[in-house]
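Report on the following structure.
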Amino acid sequence: MLLLGLLLGGLLTGGGFWLGQQSDSSDVATSNGSGAIVQDDSEDQPAASPPPTLVVGDVDEPVAAVAAVLAPSVVGVSNQLGEGSGVAYTETRLITNAHVVGDFTDVQILLEDGRVFDGTVLGTDESRDVAVVELEEAVLTPATFAPSSSVEVGQLAVAVGSPFGLEQTVTAGIVSAVDRVVENDLSGEVKLVAMVQTDAPINPGNSGGALADREGRVVGMNTSIRTAGGVNASVGIGFAVPSDTMLLIAERIVDGKSLETGFLGVTLRDSVVDPVGAIVTEVNTDSAAELAGIEVEDIIVEVGGRPIDGTFALAAAIQIRNPGETVEIVVSRSGELVTVQAELGSS
């Protein structure tokens, strides 16, 4: 059973840790901002400033080409306790992981050319492990961000960051999975985040760095890895916060909007036969679900236009939204598809 909004589980089941890098180099367990460049034809996207030169078409060394495009946009982020990475999305702001900045309000930013600047943490969202840092001077080179809908399993994935303090380290692999739901309990309450999974080697210090496609566009922010057998280093299973989530949360932080997660108010179990989804076993009184007309034995198969393959996927889809936000939910009821509109509550 899974009570949506009160989710149970540990950090990265099966063993795993977040990728902050301590200053003594030991392993540590642990999306649309103003001016962000998002390549998408959707009318909902903000006006974009001209992107940096992109890698287009076939090239002899695609990873080298991506690294050349992306390097100016990936920075080092450090404080008194450790260091990680970050991705510029305006000339004065960058996105990194919440666990990279921790409780600090001031951090140091290392640019590709070796210059160091003081940065101010504008805010953090521990539930999605996203933070925004601002510099007083317009010295950053904004990255280009690809819409999450463009990411495909098997495509080239290039990671740039500072593993173990080795700045501007480039590694490559593929996208192993999309919408891979990962547990995050940094905030003290377990939240679920749909991630991009990659086998590109990432290690402590890569946190906050970029995961990019073959055109040098950021598709995610490297955040955590799965580990096993006491090996606290890359074993080929890494997770990145998707670009859409990065920019959405960054916008909320900059605009001072609520970072509270939405709440549907249902208890669930997985549906393992057709139709696949999340079976409602209980509906909370006066909850968003009850007011929307969701019933016990309904199978939730779609949220906001995206398929739902189980309880964790549903939780991630709800928790990325704010209380008060209305979302379209499709349920299978007695073999018929029914669409409802739910105004999410507060957790």
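Quick check on residue 129: is it in the same structural domain as residue 64 (by TED's automatic domain parsing), over 16 Å from residue 85 (Cβ atoms) and not hydrophobic (A, V, I, L, M, F, W, C)?
no
If you check residue 112 against the conditions, is it farther than 18 Å from residue 196 by Cβ, touching a helix residue (DSSP H, G or I) at 6+ places or on another chain (Cβ under 8 Å) and among the acidic types (Asp, Glu)?
Yes: the conditions hold for residue 112.
I'm trying to understand the selection: among the residues of segment 137-175, which are of a type in the set (Phe, Trp, Tyr) and in a strand (DSSP E or B)?
Scanning segment 137-175 gives a single hit, 145.
Take the residues in segment 71-120 that are outside any strand (DSSP E or B) and charged (D, E, K, R); name whichever of them is surrounded by the most Cβ atoms within 10 Å (Cβ to Cβ).
Top of the filtered list is 112.
Take the residues of segment 331-346 that are in contact with a helix residue (DSSP H, G or I) (Cβ under 8 Å, 6 or more places away or on another chain) and either in a strand (DSSP E or B) or hydroxyl-bearing (Ser, Thr, Tyr) (or both): which is farthest from residue 307 (Cα to Cα)?
Checked segment 331-346; the qualifying residue farthest from residue 307 (Cα to Cα) is 345.
Over 24 Å from residue 239 (Cβ atoms) and in contact with a strand residue (DSSP E or B) (Cβ under 8 Å, 6 or more places away or on another chain): does that describe residue 96?
So residue 96 fails the test.
Return the residue satisfying two criteria in turn: it lies in segment 303-313 and is of a type outside the set (Asp, Glu) and over 15 Å from residue 341 (Cα atoms), and of such residues it is surrounded by the most Cβ atoms within 10 Å (Cβ to Cβ).
308
The values are calculated or read from the model by the stated rules, or taken from the named source; none is laboratory data. Not measured: the values here are computed from a predicted model. Reconstructed Cβ throughout: ideal geometry from the backbone, glycine too, with neighbour counts over all protein chains shown.
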